[in-house]
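Structure first, commentary second.
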Amino acid sequence: MKCPFCGNPDTKVVDSRSGEDRKKRRRECNDCGKRFTTYETYDVSDAPTLLVMKKDGSVELFNRTKIIAGISSAVKKRPVSAERIQKIVESIENAYAVRESAREKPIFTTTEIGDMVLSQLKECDVVAYIRFASVYKDFDNADSFIRIINDEFKSQM
Ligand SMILES: [Zn+2]
């Protein structure tokens with residue numbers, strides 16, 4: 001990136017900081033020595049971009065790492081392999097691909113994504129399922145928690 005002060009194309013990065021959705025770089029011109037800041041951010045204009053709509057209506061990028069972290073904490077010390085977690089995430093990405101091939105907007109709500117994870121955890125491990133559900137379903141009281149467990153595991157209890 002060329003220097004905005006003297007136009008010299010030879011600049012170096014002196015500091016780099018990553019935020020949640022953008023990267024900030026401090027650059028220094030190798031000619032005039034002045035410093036300036038550049039930002040690296042997403043370009044949501046080019047597909048495929050997987051989007052998530054949050055409960056408050058705001059839209060953010062589908063964050064694979066965040067989903068894996070969420071599932072990982074739910075399956076802690078449970079017999080669910082890292083490969084299985086990868087498969088769950090891949091199935092969500094496949095669901096996005098299906099939307100895109102149907103020329104629909106590649107967007108899911110956090111609730112839909114939570115449900116996709118839950119339907120698969122249900123097949124892996126009851127404890128992991130309940131842990132994940134307790135985070136995603138926002139249980140407001142003990143009754144709703146018991147109700148969901150009864151509904152989901154009738155056949156197994
Ligand atoms: Zn310069």
Of (1) in contact (Cβ under 8 Å) with a residue 12 or more places away in the chain; (2) assigned to a loop (DSSP other than H, G, I, E, B); (3) exposed (fewer than 12 other Cβ atoms within 10 Å of the Cβ); (4) within 16 Å of the ligand (Cβ to nearest atom), Lys55 satisfies every one except (4)
### Query
Based on what the data block shows, is Asp15 more than 24 Å from Leu61 (Cα to Cα), surrounded by 10 or more Cβ atoms within 10 Å (Cβ to Cβ) and away from the ligand (no atom under 16 Å from the Cβ)?
yes
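What about Ile113, is it closer than 20 Å to Val135 by Cα and under 20 Å from the mean Cα position of the chain (by Cα)? Before the answer, list the steps.
Numbers: closer than 20 Å to Val135 by Cα: yes; under 20 Å from the mean Cα position of the chain (by Cα): yes.
The answer is yes for Ile113.
Name the residues in segment 107-150 that are under 25 Å from Lys87 (Cβ atoms) and modelled with pLDDT under 85, would you? Outline the logic, then answer.
Taking segment 107-150 as the starting set, the residues that turn out to be under 25 Å from Lys87 (Cβ atoms) are 107-137, 148-149.
Within segment 107-150, Ser134, Val135, Tyr136, Lys137, Ile148, Ile149 meet the criteria.
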Quiz item: Could you say whether any residue in segment 99-121 is of a type in the set (A, V, I, L, M, F, W, C), in the same structural domain as Ile68 (by TED's automatic domain parsing) and open to solvent by 70 Å² or more (accessible area, probe 1.4 Å)?
Solution: no
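The values are calculated or read from the model by the stated rules, or taken from the named source; none is laboratory data. Worth saying up front: this structure is predicted, and the values here are computed from it rather than measured. Reconstructed Cβ throughout: ideal geometry from the backbone, glycine too, with neighbour counts over all protein chains shown. Accessible surface is based on the protein model in full, side chains and every heavy atom, while ligands, DNA and RNA are left aside. Shrake-Rupley method; radii C 1.70, N 1.55, O 1.52, S 1.80 Å.
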